Each structure stands twice: as structure tokens, then as C-alpha cells.
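The structure appears right after this line, and notes come after that.
Bear in mind these aren't lab numbers, they're just calculated from the coordinates by the rules spelled out. Worth saying up front: this structure is predicted, and the values here are computed from it rather than measured. A quick note on method: Cβ atoms are made from the backbone with ideal geometry, for glycine too, and the neighbour counts reach across all protein chains shown.
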Amino acid sequence: MFAVWEGGLVYYGGLIGASLACIIYARIKKLGLWKLADVLAPSIALGYVFGRIGCLMNGCCYGRACDLPWAIRYPAGHQTHLVGEPAIPVHPTQIYESLLSLCLYAFLAWLYRRKKFDGQVFATYLVSYAILRSFVELFRGDYPDYQHFLGGWATPAQLVSIAFLSPG
């Protein structure tokens, strides 16, 4: 669990943990939680842009095989290589998520100056990110163990996204 250099870290877990820490901090400092969450939301989206660029450089979170002109090929030794075969071109899902998150950042920064109530920007982030992530998951290919997860209709990240979108 503590060997983070071996992987196993997921964004939703970090978001939930950071949110809990933020709640505790807001209570200790007697700050308005929803005001604080609204201030942080655009930066969370922007930070995710750079996180996914790191995923691209690391070779994790890659996409399914495709023959699109913007498909990428990883160097020898990557999981997308078959022994003795050239690299399989895959969707650059990390770039998809980086670009979508950059757009989300710009929208949240715009919304922050026009918000109608405390918590609106953070709630918009949660809903938008869940939709964005569920969409990009359609192109992911880095966890073949989940091809048949729940009959093949949802990945673990999509299930967490559904939970974030569920009312109550």
C-alpha cells in the first residue's frame, strides 16, 4: 500500500482523500467549506492536466488499439508490444483527458466569477469530471482484467463516476 512507486494510485481515491482533508482543515480554521471548495475547483482541474501528461510520459493509462492518424506507439518493452512484433498504435487517452480538463479549467475559472451560490463551482467540477472521465474510459485499454467487469459495460472509474452523478 505504501509502495506508491509501484503504482496502484488512482485519481478518485486522491480526490476523496483530499476532500476529506479539506473538510477537516475548513472546520479547524472555521472557513466556509463550500467557498473554499469553489476556490480550489478550477485548480484541481488544471492540476489534472499535468497529472495526465505525467501518465503519458510514464506510459500508464494508455488507450485501446486504434488506427487513427494521432494514435501513439510506445517504445519497446511497453505493455502495448507483442513479442517480436512492432508496437500497437493506441488512443492517446492521456492527451484526451488533458485537453478536456484544460477546457474544464477554463470553464470553471469563468464560472467562478459568475457563480450564484457557494458550492456551485465545485459541484460543477464533480459532475463535469465524472462525465469527462466516463467518456474517456470508453477509449482506455490499460486494464484488460476489467474487459468483462460487470458484463463488460463499465470500468471501475465509470462506476465511481456514476456514484458521483447519483443524487443524494
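Approximating the spin labels as points 7 Å out from Cα along Cα→Cβ, the MET57-to-ILE95 distance works out to 1.7 nm.
What FRET efficiency do you get for VAL127 and LYS30 if R0 is 30 Å and r is their Cβ-Cβ distance, rounded to the nearest 0.05? Here the calculated transfer efficiency is 0.60.
In sequence order, the stretch 96-103 has phi-based couplings of 4, 5, 4, 5, 5, 5, 5, 5 Hz under the Karplus curve 6.51 cos²θ - 1.76 cosθ + 1.60, θ = phi - 60°, and Gly or Pro positions carry x. Each principal axis of the stretch 64-119 carries a Cα extent, and these read 59, 20, 14 Å when sorted largest first. A DSSP coil position with no more than 10 other Cβ atoms inside 10 Å describes the following chymotrypsin sites (Phe, Trp or Tyr not before Pro) in the stretch 1-91: PHE2, TRP70. In the chain, taking the dipole from charged Cβ atoms about the Cα centre, the farthest positive-side position among VAL90, LEU68, LEU100 is held by LEU100. The simple Förster model, with R0 at 25 Å and r as the Cβ-Cβ distance, assigns CYS66 and ILE162 a FRET efficiency of 0.45. Remark: the stretch 40-56, residue by residue, has Karplus-estimated 3J(HN,Hα) of 7, 3, x, 5, 5, 5, 5, x, 5, 4, 6, x, 6, 5, x, 4, 4 Hz, where x stands for each Gly or Pro and the curve is 6.51 cos²θ - 1.76 cosθ + 1.60 at θ = phi - 60°. Name all residues of the stretch 100-124 having a backbone nitrogen under 18 Å from the label point set 7 Å from the Cα of PHE50 along its Cα→Cβ direction, giving them as ranges. Label zone hits: 100-106, 109. Helix 156-165 versus the longest principal axis of the chain: what is the Cα-based angle in degrees, 0 to 90, to the nearest 10? The angle comes out near 20 degrees.
Rounded to the nearest 0.05, the FRET efficiency derived from the C-beta distance between LEU20 and ARG114 at R0 = 22 Å is 0.15. Helix 120-137: angle to the longest alpha-carbon principal axis of the chain, degrees 0 to 90, nearest 10? Once rounded, the angle reads 10 degrees.
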